[in-house]
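Take a look at the structure below.
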Amino acid sequence: MAVLARALRAIPFGRTPDGFVRHTRPSLRASLRPVRVLPKRRHASTTSELATDGRSVLTRTKNVLYGTSIAFFIGFGYLYITDTRASIHEWLVVPALRALYSDGEQAHHAGTAALKGLYQFGLHPRERGNPDAAGDLRIEIFGQVVDNPIGTSAGIDKNAEVPSPLLALGPGIVEIGGVTPLPQPGNPKPRVFRVPSQNAMVNRYGFNSEGAEHVAMTLRQRVREFAQRVGLGIDAEAERMVLDGEAGVPPGSLVPGRLLAVQVTKNKSTPDSDIEAVKRDFAFGIAHLGKYSDIIVVNVSSPNTPGLRALQNVAPLTHILTTCVKAASEVDRKTKPAVLVKVSPDEDSEEQVSGICEAIWQSGVDGVIVGNTTKRRPDPIPEGYSLPPTEAAILQEQGGYSGPQLFPRTLELVKRYRKMLDEGPKSSDAESPTESLRRKTIFATGGITNGSQALQILEAGASVAMVYTAMIYSGAGTISRIKAEMRDEIREK
């Protein structure tokens, strides 16, 4: 009975309006309401969601790995390609330029344009790691401490297009030019010829130049942009502050421990017999370019300008150099540029060398750059080289020869100039006694291709060893390689 009572109570009843009690059932609609709890379907959905999440995590992981790898290779590639020690500069870039441009001058222009463009985007080759910081190659010249004694010769950058990218390659000194007073096109093309079997060249450029005013404007803009970067402004006053040393860098190079040399020369149209006109040409160049340079180089030795080398005779050379020293002393800057004269390797007789040294003492220039391209030619088949018939014909081209075969002559000339200059002036009309006690500085250029040769040049009495043709054949890493070879040889001694 108790069970029956509980069952009856469980049945829902309701009372009708007439008082009867009736049983109420849930509606069919209510009884058919869906039930959401489906254990089996939930298990299948969870499994599918887990699989989807797993694939998503795997995909994201792959993307991260791919992105990281790409970033790593881009970063590594950037560091490698922009490092002067990378072999790609010698074994890929140089051969590619030679293959693309059969004309040596076109290849040179393409290389310069590429270097200039890469520098603007920070993609230029540069010497990484600051190997000069150890100070083992440091020198002092003209009252300036220079990080290393390796320089680049004029001709690589004739119109001051890439002085900063060249400085980034690691030389202690960069020489630009030669710059003529007025623009001139130079000699007819073709005028540059390669001799690959000798890693040599023959050129007869003839001082193609944009002119002193154009180059001065380019260098002035470089100084003002530097002033703006260091927070001094970009106006004339900011320029003056940089040039007067208030930025703490050399006014020419704008890089601590580096110097910028600017080479000046006369126009082809100026008669070499008119010494006064020649003096005006050089003075004009120095007046425009002197304040943007650390060193002025007076070139009287190019073989490609008729009559120029005749100016190396004692009397005309003394007059010209005296004018140049005076013009440099009048440069509108607190510190004045040093003045060097660049002489030919072909004027090598005892009388000629002695006369040039006497002109150096009498005029008061700070020193001499020994060497230039030569009118002479090496033996038809130099020892250690093979000479194809086409190259034998190139050696007959008119112009100045440059390459490794010049090194022995350069080394010998450095020794001779060092000895004669150290003997002092022979004439009583030379500089004041105080000035005559100051040792003249020698830079050397011609055939220097490796660290061992650079050390030999320095041991012979030069302060700086300069390269040109070696860079044409070895590329952007030439300076770093030579300095590394010098350090290796020094350590072995």
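Quick rundown of the values:
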item	result
Whole-Å semi-axes of region 160-316's equivalent ellipsoid (Cα gyration tensor)	30, 20, 13
Filter on K158/K342; K326/K415; K266/K426; K279/K334; K266/K415 - keep pairs with C-alpha separation over 21 Å	K326/K415; K266/K426; K279/K334; K266/K415
Cα Rg over Rh - region 77-195, Kirkwood	1.00
Within region 96-129, chymotrypsin sites (Phe, Trp or Tyr not before Pro) in DSSP loop having at most 11 other beta-carbon neighbours inside 10 Å	F121
Hull shadow area, averaged, region 245-335 [alpha-carbon convex hull, nm²]	6.2
Orientation-averaged projected area, Cα convex hull of region 314-384 (nm²)	6.7
Cα pair distances in region 245-288, grouped into 5 Å bins until the bin that holds the longest one, percent each	5, 21, 19, 13, 12, 10, 10, 8, 2
Å² of accessible area per residue within region 182-341, as computed with a 1.4 Å probe and no ligands counted	39
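The values are calculated or read from the model by the stated rules, or taken from the named source; none is laboratory data. None of these values were measured; they are calculated from a predicted model. Here Cβ is always computed from backbone atoms with ideal geometry, including for glycine, and neighbour counts include all displayed protein chains. Each accessible area value is taken on the protein alone, full model and side chains, heavy atoms only, with ligands, DNA and RNA left out. Shrake-Rupley method; radii C 1.70, N 1.55, O 1.52, S 1.80 Å.
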